[in-house]
Amino acid sequence: MASDKHYTLAGVMGWPVAHSRSPAIHGHWIRQYGLHGSYVLLPVQPEHLGDAVRGLRALGFAGCNLTIPHKVAAMSLVDRVDPLAARIGAINTLVVEKDGTLAGYNTDAYGYIQSLLDAQPDWRADAGPVTVLGAGGAARAILVALAERGAKDIRLCNRSPDKAQALAAEFGAPIRAIPWEQRAEALDGCALLVNTTSLGMKGQAPLEISLDRLPRQALVSDIIYVPLETPLLAAARARGHVAVDGLGMLLNQARPAFEHWFGVRPELTPELRRLIEATL
Ligand code: ATR
């Protein structure tokens with residue numbers, strides 16, 4: 001039996017949170033690496049977020065993930081926000097440091113880029129223009145990730161034009177807001193198309209977009225993972241594009257978070273992917 005001191009506790013704070021796949025992902029790694037610890041669901045209502053975050057240290061937690069609706073609100077509750085997370089404007093990973101202070105990170109940007117690299121190891125952000133559909137919270141992490149990796153021309157299309165314009169103004173070059181009605185034309189010469197809207201998700205209308213102008217070598221990615229094969233990805237595959245589903249981002253964002261708490265950078269194995277796929 002390990003002593004309490006060597007038992008590492010982590011979890012995911014959200015509301016609602018019961019549907020989260022994170023306990024299955026982190027639990028798998030805890031077993032795989034023979035570690036002493038657990039990763040638990042932390043259902044925390046928005047009005048209790050401050051108490052819950054401040055209570056992590058006393059409860060002996062190494063940290064936790066933050067999910068909807070806490071990713072933005074938690075930023076003002078930590079002692080330090082990592083610069084990348086500050087640019088994104090949200091934290092998804094909280095770390096209780098050795099001195100008891102709290103640090104906030106965002107691993108979604110890493111997770112997204114790594115999901116592309118897993119699908120195409122020689123992928124480069126500067127291979128050509130990128131079209132990003134959607135300007136919500138998920139789009140922010142992806143836009144920052146692509147800009148950091150050297151994307152030179154990012155065409156941002158959103159149903160509500162003011163949100164795309166506000167993001168383009170906030171992040172500056174290389175992001176340009178393009179009207180939603182011109183999303184098919186925006187694909188001209190693109191090397192990557194990303195869907196960050198909820199269109200195509202189970203129970204939602206499919207994303208309507210003609211891929212005719214998209215060069216065949218372009219990558220098509222959808223951050224949705226229920227279903228794994230969205231109508232967009234099916235259409236892309238039918239045209240011969242490499243299609244990247246949202247499960248890769250979900251699995252990869254968990255890796256640096258796990259390393260922060262457990263001290264091991266976990267591998268993403270086909271076995272883990274199958275395990276999580278079976279829960280979708
Ligand atoms: P997330 O944090 O997952 O990005 P979000 O912040 O609610 O979620 O953003 C959802 C995105 O999907 C937004 O870009 C939204 O467009 P609006 O800004 O115009 O709301 C987009 N979206 C949702 N439903 C849509 C629809 N029916 N047609 C087009 N875009 C839609």
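The values are calculated or read from the model by the stated rules, or taken from the named source; none is laboratory data. Note that the structure is a prediction, hence the values are computed from the model and not measured. Methodologically, a virtual Cβ is constructed for each residue, glycine included, from the backbone with ideal geometry; neighbour enumeration extends over all protein chains shown. Ligands, DNA and RNA are excluded from the accessible area calculation, which covers all protein heavy atoms including side chains. Shrake-Rupley method; radii C 1.70, N 1.55, O 1.52, S 1.80 Å.
Odds and ends about this structure:
Residue-wise test of (1) open to solvent by 60 Å² or more (accessible area, probe 1.4 Å); (2) in contact with a Ser or Thr (Cβ under 7 Å, 6 or more places away or on another chain); (3) assigned to a loop (DSSP other than H, G, I, E, B).
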position	(1), (2), (3)
177	no, no, no
206	yes, no, yes
213	yes, no, yes
217	yes, no, yes
224	no, yes, yes
228	no, no, yes
232	no, no, no
240	no, no, yes
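- Taken over the stretch 195-246, the residue count meeting the criterion of being within 15 Å of the ligand (Cβ to nearest atom) and not hydroxyl-bearing (Ser, Thr, Tyr) is 19.
- Residue within the stretch 185-193 that is more than 16 Å from the ligand (Cβ to nearest atom) and assigned to a strand (DSSP E or B) present: yes
- Whenever a residue of the stretch 26-49 is farther than 11 Å from residue 64 by Cβ, its partners that are at pLDDT below 95 and open to solvent by less than 70 Å² (accessible area, probe 1.4 Å), lying with C-beta atoms within less than 8 angstrom and at least six residues away or across chains, give the pairs 36/2.
- Among (1) touching a Ser or Thr at 6+ places or on another chain (Cβ under 7 Å); (2) under 19 Å from residue 242 (Cα atoms); (3) exposed (fewer than 14 other Cβ atoms within 10 Å of the Cβ) - the single one residue 136 does not satisfy: (2)
- In the stretch 101-112 there is at least one residue matching the filter, namely being hydrophobic (A, V, I, L, M, F, W, C), surrounded by 20 or more Cβ atoms within 10 Å (Cβ to Cβ), modelled with pLDDT of 95 or more and within 16 Å of the ligand (Cβ to nearest atom).
- Residue in the stretch 12-23 that is more than 23 Å from the chain's Cα centre (by Cα) and either within 14 Å of residue 102 (Cβ to Cβ) or assigned to a strand (DSSP E or B) (or both) present: no
- Residue in the stretch 171-180 that is modelled with pLDDT of 95 or more, assigned by TED's automatic domain parsing to the domain that holds residue 209 and within 11 Å of the ligand (Cβ to nearest atom) present: yes
- For the stretch 127-140, the set of residues classified as hydrophobic (A, V, I, L, M, F, W, C) and within 9 Å of the ligand (Cβ to nearest atom) consists of 133, 135, 138, 139, listed by residue number.
- Here residue 187 meets the list (1) farther than 19 Å from residue 109 by Cα; (2) open to solvent by 10 Å² or more (accessible area, probe 1.4 Å) almost entirely, failing just condition (2).
- The lone exception for residue 118 - which of (1) assigned to a loop (DSSP other than H, G, I, E, B); (2) among the acidic types (Asp, Glu); (3) touching a helix residue (DSSP H, G or I) at 6+ places or on another chain (Cβ under 7 Å) it fails: (1)
- Subset of the stretch 118-133 (residues that are charged (D, E, K, R) and loosely packed, with under 15 Cβ neighbours inside 10 Å): 122, 124, 126
- Residues (of a type in the set (Asp, Glu) and surrounded by fewer than 15 Cβ atoms within 10 Å (Cβ to Cβ)) located in the stretch 62-96: 79
- Meets criteria (at pLDDT 95 or above, under 14 Å from residue 256 (Cα atoms), open to solvent by less than 70 Å² (accessible area, probe 1.4 Å) and more than 16 Å from the ligand (Cβ to nearest atom)) for residue 53: no
- Scanning the stretch 146-170 for residues that are within 14 Å of the ligand (Cβ to nearest atom), crowded, with 16+ Cβ neighbours inside 10 Å and among the aliphatic types (A, V, I, L, M) turns up 156, 164, 167, 168.
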